[in-house]
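The values are calculated or read from the model by the stated rules, or taken from the named source; none is laboratory data. Owing to the predicted nature of the structure, the values given are computational and were not obtained by experimental measurement. Heads up, the Cβs are rebuilt from the backbone with ideal geometry, glycines too, and the neighbour counts pull from every protein chain shown.
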Amino acid sequence: MMRPEVKALLWRWREVVVALVVVTLMGLWAASSFGVMRWIALGFTALSVIFAIAAIQRARFDRGGGGFGAVEVDEGVVSFFSPLTGGQVEIEALIAVTLVPTGKGHAHWQLDAPGQPPLIIPVNAHGAEALFDVFVTLEGLETEKMLRQIKQTPDHPVVIWRKRTAVLH
């Protein structure tokens, strides 16, 4: 039997573990190959390193769940469901993403779109890790800045991303 904390930690970092195993296997293949096969193996090794870096970023983003409500991302729409609040926002309509502290050591995502109230989502809501894939597609978002802010849980709202508007002259 495994302790729940250890099981949760392994589950959170599962993609990283798999990626590192693949990097190791590709590296061994590259080291034991010759000629063209070595170059192919080195290419796969480099590709698997890129996937490992992405897996590490995804694991750093995940706050472990157990929070209030549930998040779903489907067909370009982020939905948040909870007994007290909820809503939806189209990803294409987003104009800002803000990390808002609650004062209790946690934070919420605030997703802003024109013509509708902000969608507030706890960072540890069930399924909130799906927001990582949404956020990294936003043009100009600084992934490392976002990951640092999540880790630190700021004491004031921090704009993680704001849509650049075209200036017409």
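Of note:
- Applying the criterion of being out of contact with any helix residue (DSSP H, G or I) (no Cβ under 9 Å at 6 or more places or on another chain) and of a type in the set (A, V, I, L, M) to the residues of the range 31-86, the residue that is modelled with the highest pLDDT is VAL36.
- Of the numbered criteria (1) buried (at least 16 other Cβ atoms within 10 Å of the Cβ); (2) touching a Lys or Arg at 6+ places or on another chain (Cβ under 6 Å); (3) modelled with pLDDT of 90 or more, the one ILE95 fails is (1).
- Residue check for LEU111: surrounded by 16 or more Cβ atoms within 10 Å (Cβ to Cβ), assigned by TED's automatic domain parsing to the domain that holds PRO154 and in contact with a helix residue (DSSP H, G or I) (Cβ under 7 Å, 6 or more places away or on another chain): no
- Residue list for the range 1-22, filter: of a type in the set (Phe, Trp, Tyr) and farther than 12 Å from ARG58 by Cβ: TRP11
- So VAL89, is it free of Cβ contacts under 8 Å to residues at least 40 places away in the same chain, within 22 Å of VAL17 (Cβ to Cβ) and either in contact with a strand residue (DSSP E or B) (Cβ under 6 Å, 6 or more places away or on another chain) or of a type outside the set (Gly, Ala, Ser) (or both): no
- Residues satisfying the stated conditions in the range 150-169, i.e. at pLDDT below 85 and closer than 16 Å to PHE61 by Cα: ILE150, LYS151, GLN152, THR153, PRO154
- Meets criteria (free of Cβ contacts under 8 Å to residues at least 40 places away in the same chain, outside the structural domain of VAL134 (by TED's automatic domain parsing) and in contact with a helix residue (DSSP H, G or I) (Cβ under 9 Å, 6 or more places away or on another chain)) for VAL21: no
Residue-wise test of (1) surrounded by 12 or more Cβ atoms within 10 Å (Cβ to Cβ); (2) farther than 16 Å from VAL71 by Cβ; (3) out of contact with any Leu (no Cβ under 9 Å at 6 or more places or on another chain); (4) not polar (S, T, N, Q).
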| residue | (1), (2), (3), (4) |
| --- | --- |
| HIS106 | yes, no, yes, yes |
| PRO122 | yes, no, yes, yes |
| VAL158 | yes, yes, no, yes |
| ARG164 | no, yes, yes, yes |
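- Residue list for the range 83-116, restricted to those being of a type outside the set (Val, Ile, Thr), closer than 20 Å to ILE150 by Cβ and part of a loop (DSSP other than H, G, I, E, B): LEU94, GLY103, LYS104, GLY105, HIS106
- Only one entry of ALA52, ALA46, ALA70 meets the criterion of being touching a strand residue (DSSP E or B) at 6+ places or on another chain (Cβ under 6 Å), closer than 26 Å to VAL134 by Cα and among the small types (Gly, Ala, Ser), and that entry is ALA70.
- Subset of the range 82-92 [more than 12 Å from PRO118 (Cα to Cα), over 17 Å from the mean Cα position of the chain (by Cα) and surrounded by 16 or more Cβ atoms within 10 Å (Cβ to Cβ)]: SER82
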